[in-house]
Amino acid sequence: MLRRRIGRPGLIGAAARTAVIAGTATATSNAINRRGAARAQQQAEAQAYEQQQYSQQQYAAAPPPPPAPPSAPPPAAPAAPAEDDLTAQLTKLGELHTQGILSDAEFAAAKQRLLG
């Protein structure tokens, strides 16, 4: 008759128990790693999609290029001498005074400003 051993397990029993524990731990670890990798992959895809959408919005909302600046205006005619300008202004003041638009006091003040 075989006697059953009481107390510590034998060498084969200890090895079997260790193998079961190690196998369970490995299976659990692999499952956790696969889930984490799947989540990371989903997050990366979502981030890439959002980046693509943002880029498309920026491209669509980009303002058109500014219009070309207008060409330079033609050069002005040479300036008339200052003496002719002063004469023209005094003549204009005289006409306004003659027409009654300027009073005597206004005419005198404007003439004084022009003459200096």
Counting sequence-distant residues (5 or more places) and residues on other chains, those with an amide H built under 5 Å from that of L102 are H97
Sequence order, segment 91-100: Karplus ³J(HN,Hα) from phi using 6.51 cos²θ - 1.76 cosθ + 1.60, θ = phi - 60°, Hz rounded, Gly and Pro as x, gives 5, 4, 4, x, 5, 5, 5, 5, 6, x
With no solvent term and unit scatterers on the alpha-carbon positions of segment 10-61, Debye gives log₁₀ I(q)/I(0) at q = 0.16, 0.18, 0.25, 0.27 Å⁻¹ of -0.65, -0.71, -0.88, -0.92
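Readers should treat all values here as calculations from the given coordinates under stated rules, not as data from a laboratory. Because the structure is predicted, anything quoted here is derived from the model rather than measured.
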